Each structure stands twice: as C-alpha cells, then as structure tokens.
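Structure first, then comments.
The values are calculated or read from the model by the stated rules, or taken from the named source; none is laboratory data. None of these values were measured; they are calculated from a predicted model. FYI the Cβ positions are ideal-geometry reconstructions off the backbone, even for glycines, and counts take in every protein chain you see.
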Amino acid sequence: MCMPGSFKTQAVVLRSIRYGEADRVLHLYTAARGRVGAIAKGSRKPRSRFGGRLEPFFRLDMVLHDGRGDLATVTGVHTVDGYPNLRSSGPALSAAARGCDAMLRLLDSSEANPAAYNLLCRYLSLLDGQESDGVSETDGAAGLATALAFRLKLALSAGFAPELTACARCGEPDGLTAFSGQAGGVVCGACERDGFEMSEEAHRFMLDALGRPLSQSPVATNGALRMAERAITTTLEHHAHVQLRAAA
C-alpha cells in the first residue's frame, strides 16, 4: 500500500546520473506518468537496498513519492527485467542507448503514453534476444532496419509520423518521388522543390515498418535504410524540433 503522495508504476531507466556523495538522479519513462525525473537517495552506498537496479535499461516496478521539487523520490524498487543478454553485447548496448536517447529527446510529457512505453519495452526485449524472430546482429543491416522501425513507431506514438500515403503538400497519391522534411512526408514531382529523392525501396520500407510488428521489421539495402533515416530525422527536426543521434 502506498503512503499519501506516493504512486506505483512500471518504468524503464533511460539515464542514471551520479549525484552528490551517494545518490542518483534518474530519467525514467513510466507506464503511468510518461517522463519522470527521480532521485534515489543513498543508492550508491555499498549496502543500498536498491542494489544495482537503477542502471539504464532496467525495467522496474517502482514506488515513487512526489516531493515539493521537480524530482520524485524513489522509495521502492523491484526488477521486472534486467535484460542480461543485452548487457553482454556491445552493439546491443549501443542500440539500447540510442533508443533511450530518442525517448528522452522526443517524449518529454508527464502524461502516460502506453504505446511509447510498450514500444520501448519491446525494443529492449528484441535487443536482449527474447523474441523468437528478434535481432541477432544489432550492428548489421538487420539491426539498423529494426532501429529505424523503432524510430518510426516512436514518432507515430509522439504524434510526428511522416505522411507516406499521399503527397504531404497537395494530397496527390501518385508520382511520389521525393521526401520533404519541411512538408512532413513524401511529395510528388510537382511539390518536391525542397525535398530529396526517395527511392521506391525506401518508401516501401517505411510503409512496411509502420505496418508490421517491431519483431518483423522489413529488410532493405543499406542505401534505402539511410534514405529512410534521413526522412525520419528531417521530419523530427522540422516538426518536433528534435535532433536525434545517428541510428547506427
């Protein structure tokens, strides 16, 4: 039972920062309240009751207490998943770090976003190898495809998905030959003045990536994937005012 002023939620640790002599400041993405900042007092002491659970990429059941400041206080923690296989792979760790960084940059609201939270948990599970058809080579083309599919779905959950079915300027469904970040999607030949050429393969990859489960991300050539990455990046720069790190 929670004390007055406290609440329970599942959360993923996006970032963990040493603070003072023995504390940690945490950036959390929670199931109940979206982005939450928290402080775990005494968590770096050798006999801390929190153990090593407050590191990035841990999925936790947490009890947090709302204080007077901007940071909630961590009062209880139980591990839901520590993703141990992910932690033993350098490429998987790097992919997880970029995924969590994208969450930090794109989703700063304190309102619950179940789609975004569940997407992050699924991505970490894939990187950990928990899905039967998951990611086995996170540093190869398949890993980049999954990372880009994650970013597309994340943009969708944040309300910034690019227009992919018709010209983002005039609505024409045919002759979609380019992509404009300023317009927010694919554009036809008559409207491509500030866009860049988009191949049919790259366009198809983006459509399929949004339509399939993350564990079944489509494959594409490296050139098409880089084109899709540019489309995602420029869309978010223009419309969310967010600059993401390179996907790989």
#### Entry: Exclusive hit being outside the structural domain of Ala112 (by TED's automatic domain parsing) and either assigned to a loop (DSSP other than H, G, I, E, B) or modelled with pLDDT under 95 (or both), set Arg15, Arg53
Arg53
### Query
If you take the residues of the stretch 24-45 that are within 10 Å of Ser110 (Cα to Cα) and in contact with a His (Cβ under 9 Å, 6 or more places away or on another chain), which of them is surrounded by the most Cβ atoms within 10 Å (Cβ to Cβ)?
Val36
## Note on the structure
Taking the stretch 46-63 and keeping residues of a type outside the set (A, V, I, L, M, F, W, C) and either crowded, with 16+ Cβ neighbours inside 10 Å or in contact with a Lys or Arg (Cβ under 9 Å, 6 or more places away or on another chain) (or both) leaves Ser48, Arg53, Glu55, Pro56, Arg59, Asp61
### Query
Taking the stretch 184-206, which residues are in a helix (DSSP H, G or I) and either among the aliphatic types (A, V, I, L, M) or touching a Pro at 6+ places or on another chain (Cβ under 7 Å) (or both)?
Ala190, Ala202, Phe205, Met206
#### Entry: Of residues in the stretch 91-105 being surrounded by 19 or more Cβ atoms within 10 Å (Cβ to Cβ) and among the hydrophobic types (A, V, I, L, M, F, W, C), the one farthest from Ala158 (Cα to Cα)
Ala92
### Task
Those residues that are more than 18 Å from Gly99 (Cα to Cα) and either outside the structural domain of Leu127 (by TED's automatic domain parsing) or part of a helix (DSSP H, G or I) (or both), I need them from the stretch 207-248; list them, please.
Leu207, Asp208, Gly211, Asn222, Gly223, Ala224, Met227, His238, His239
### Message
Take the residues in the stretch 64-90 that are over 21 Å from Gly51 (Cβ atoms) and out of contact with any strand residue (DSSP E or B) (no Cβ under 7 Å at 6 or more places or on another chain); name whichever of them is surrounded by the fewest Cβ atoms within 10 Å (Cβ to Cβ).
### Response
Arg68
